[in-house]
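This report concerns only the one structure given below.
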Amino acid sequence: MAITTQDTDAVRALRGLEDDRPSVRLRAALAAGTTPDPRFVDKLVERCAIEPEFLVRDMLTWALTRHPVFMTLPGLLREVRSERAQARSQALHTLSKIGDRQAWPAITRTLLSDADDEVARSAWRAAVVLVPEGEESALATVLATQLGRGGRETRRSLSRALVALGEVVLPALRAATTAPGPDVRAHALATERLLRDPDAGFECAVEEAKRVVALGGSGREGR
């Protein structure tokens with residue numbers, strides 16, 4: 001059987017994904033997405049779990065989105081159960097970019113509360129994209145259990161996910177404003193403000209919420 005130019009290009013791309021140089025890996029991932037080939041899928045998924053460079057990881061995800069879902073979904077669903085945090089995080093990120101709701105059952109409460117902040121953030125973003133119609137309220141209830149966790153970027157990510165769900169999050173947020181922890185109350189209040197006024201900005205919403213909590217309020221006096 002004659003070796004075609006496509007075969008040669010595929011071999012070059014597969015080898016390039018393992019090169020020590022990030023620039024070569026980036027070009028290889030670009031090539032894999034520009035000319036999709038079933039032979040690339042397993043290697044792209046595998047590389048996502050260990051690739052140290054953000055730009056290369058992003059290109060790997062893009063390349064996977066260029067392949068048919070029936071080829072990419074099985075490997076990605078395996079990766080969300082991996083013991084390696086980066087494998088879980090990048091697989092979730094890729095699922096959010098693909099946007100196929102067949103992946104929804106894989107977005108478990110365990111992932112939404114993963115101890116690794118990057119994994120949890122990726123799970124929140126994927127959940128908002130993949131949640132079936134009618135299940136937004138239940139998702140909001142689970143996401144609200146994560147209020148007050150982590151640093152500023154983690155809290156910002158959670159607020160964005162909750163706001164993206166819309167008005168259905170209000171009962172969960174209002175319940176959280178009476179939680180024992182001041183961080184949880186402030187985060188809930190900040191998120192509620194962002195829901196009402198998306199242009200307010202997370203930093204301003206947080207500072208206002210902290211003042212309300214410090215004064216012992218719930219943020220709904222006079223409403």
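Values in this text are rule-based calculations from the coordinates and carry no lab data. All of these numbers come straight from a predicted model, not from anything done at the bench. Heads up, the Cβs are rebuilt from the backbone with ideal geometry, glycines too, and the neighbour counts pull from every protein chain shown.
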Rounded to the nearest 500, the 222 nm mean residue ellipticity computed for the chain from DSSP H runs (n ≥ 4, each -39500 (n - 2.57)) alone is -20500 deg cm²/dmol
Just going by the charge dipole of the chain, with Lys and Arg at +1 and Asp and Glu at -1 on Cβ, which of A161, P182, T34 is farthest out on the positive end? P182
Output the relative contact order of region 11-130, whole-number percent, from Cα pairs under 8 angstrom with separation of 6+ residues. 20 percent
Go from 0 up to the bin containing the longest alpha carbon distance in region 90-176, width 5 Å each, and give me the % of pairs per bin. 2, 16, 29, 27, 19, 6, 1
Full extension between E53 and R174 adds, at 0.36 nm per residue less the Cα distance, a length in nm of 39.6 nm
So the compactness index of region 11-130, its C-alpha Rg divided by 2.2 N^0.38 Å, takes the value 0.99
To the nearest 10 degrees, how steeply does helix 22-34 sit against the main Cα axis of the chain, on a 0 to 90 scale? 80 degrees
Relative to the longest principal axis of the chain, what angle (0 to 90°, nearest 10) does the C-alpha long axis of helix 152-165 take? 90 degrees
Assigning unit charges at the beta carbon (Lys, Arg +1; Asp, Glu -1) and nothing else, what dipole magnitude in debye, to the nearest 20, does region 1-142 show about its Cα centre? 200 debye
So what's the gap between the Cα centers of region 88-138 and region 20-75, to the nearest angstrom? 20 Å
Mind listing the phi-derived Karplus ³J(HN,Hα) values for region 40-47, rounded to whole Hz, using 6.51, -1.76 and 1.60 with θ = phi - 60°, and x for any glycine or proline? 7, 4, 4, 5, 5, 5, 4, 5
What is the ratio of the Cα radius of gyration of the chain to 2.2 N^0.38 Å, with N the residue count, to two decimals? 1.20
With the dipole of the chain defined by +1 on each Lys or Arg Cβ and -1 on each Asp or Glu Cβ, the option from H93, S113, G148 whose Cα lies farthest towards the positive pole is G148
Taking Cα atoms, how many degrees apart are the long axis of helix 117-130 and the longest axis of the chain, rounded to 10 and kept between 0 and 90? 90 degrees
Pseudo-spin-label distance V24 to A85, built 7 Å along Cα→Cβ, given in nm, is 3.0 nm
For the chain, what relative contact order do you get, as a whole percent, if you take Cα pairs closer than 8 Å and at least 6 residues apart? 11 percent
